[in-house]
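First the structure, in the form of structure tokens, and then the observations on it.
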Amino acid sequence: MPQSCRHPRPPARGLTFLGLVLALAVAAFAALALARVVPLYLEAYKVRSVLRSLAEDPGLREASKGELLEALLRRLDINDIEHVDREAIRIERRRGVTTVSIDYEARVPLVGNLDLVARFSDNRVELRSSSAADGG
């Protein structure tokens, strides 16, 4: 039979073994990154929750900066928040309004010498003293 009469072979379809290995490697890397990032955002949620609890505590509205700091650190410790230290906490008092803010950076290892870094700088709450709430 002459070669011109042979049926042409259809082009190969589907995923090659190398393509499958590459796709699995990318999926594994994405899953690892997600597994490292999710706890950081859960911790950021807990930080915001702690700040809200400060604002809702009427006993802290007249507290000194030191008392506020100790109450905040105690609540962070109870909630097992690891990435916030004293240097990340700022307490400012102006005209009867105390602003407590926490700006911090969380760093977790990813692979080898690669780290994932997340910055959280929008954590802020205002505590109004009773004199400021009354307008004076």
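FYI, it's all coordinate maths here, none of it is from the lab. These numbers were taken from a predicted model, which means no experiment stands behind them. Cβ coordinates were reconstructed from backbone atoms using ideal geometry, including for glycine residues, and neighbour counts include every protein chain displayed.
Give me the extension gain from R95 to N113: residue separation times 0.36 nm, minus the current Cα-Cα distance, reported in nm with one decimal.
Length difference between fully extended and current span is 1.7 nm.
Using the Cα centre of the chain as the reference point, and only Cβ charges (+1 on K/R, -1 on D/E), how large is the resulting charge dipole? Debye, rounded to the nearest 20. Write down the numbers at each step before the final one.
Numbers: 20 positive and 18 negative charges, 173 e Å.
Computed charge dipole of the chain: roughly 840 debye.
At most 13 other C-beta atoms within 10 Å and a DSSP loop state: those are the exposed trypsin sites (Lys or Arg not before Pro) I care about. Give me the longest piece of the chain that has none. Could you put the intermediate results ahead of the total?
Values: sites that count: R6, R13, R95.
Between exposed loop sites, the widest span is 14-94.
Pulled fully out, how much extra length does the chain show between A28 and S64, if you take 0.36 nm times their separation in residues and subtract their Cα-Cα distance? It would help to have the intermediate numbers written out before the result.
Details: separation 36, 0.36 × 36 = 12.96 nm, distance 4.94 nm.
Contour length minus the Cα-Cα distance gives 8.0 nm.
Given bins 10 angstrom wide, list per bin the percent of all Cα-Cα distances in the chain, short to long.
10, 28, 19, 13, 9, 7, 5, 4, 3, 2, 0
Please list, by residue number, every one of the GluC sites (Glu not before Pro) in the stretch 11-109 that is coil in DSSP and has at most 16 other beta-carbon atoms within 10 Å.
On the way: sites: E43, E56, E62, E67, E70, E82, E87, E92, E105; in loops: E62, E82.
Answer by residue number: E62, E82.
Contour minus end-to-end for E87 and E105, with contour as 0.36 nm per residue of separation and end-to-end as the Cα-Cα distance?
Numbers: separation 18, 0.36 × 18 = 6.48 nm, distance 1.11 nm.
Fully extending the segment from E87 to E105 adds 5.4 nm.
Give me the dipole magnitude in Debye, nearest 20, for the stretch 19-76 about the Cα centre, with unit charges on the beta carbon: positive for Lys and Arg, negative for Asp and Glu.
On the way: 8 positive and 6 negative charges, 27 e Å.
Once rounded to the nearest 20, the dipole reads 140 debye.
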